[in-house]
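Notes follow once the structure below has been shown.
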Amino acid sequence: MELHGQVLCEDCYMDLLSPAKACDPWSVYSAKTFLKNDSSGLNLTPVQQKILEILQDEGPQEKTTLCEKLQIKETDLERELATLRHMEKIRGELREGKKLIRLW
């Protein structure tokens, strides 16, 4: 795909056109409404489950640390974190000048 004179793979193209947004009130509203009306329970991806397990077992983590532990790219982590944020399962925290991801 071509964007602004650059040739990109499809994944990179989609990341540039549709970046993950953790702070999106409509997504939060939609996720909460869906979860409230969904009788089948919460269905997380294996990566999302692992993120929650790491945060529960080890406490708040930096994004780079989570990427290393999960062995995924930062762009993939951003999408997973945005989804968990919309479900109000995680949130950000600034501690000693470091941006950390923690449980809600």
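Every number in this text was worked out from the coordinates using simple rules, so none of it is lab data. On a predicted model such as this, the values are computed, not experimentally measured, just so you know. Because the Cβ atoms are built from the backbone with ideal geometry, glycine has one as well, and the counts that use them run over all protein chains shown.
What length, rounded to one decimal in nm, is gained on full extension from ASP76 through to LYS63, with 0.36 nm per residue of separation minus their alpha-carbon distance?
On the way: separation 13, 0.36 × 13 = 4.68 nm, distance 1.11 nm.
That works out to 3.6 nm of additional length.
For the pair MET1 and LEU52, how long in nm is the line joining their label points, each one 7 Å along Cα→Cβ?
It works out to 3.0 nm between the two label points.
In nm, give the distance between the simple-model label positions of THR45 and LEU8, each being 7 Å from the Cα along the Cα-to-Cβ direction.
A separation of 1.8 nm, rounded to one decimal place.
What aspartates and glutamates could a cross-link reach from LYS89, if we take a straight Cα to Cα line under 13 Å and drop same-chain neighbours fewer than 8 places away?
Excluding near neighbours in sequence, the set is GLU53, GLU80.
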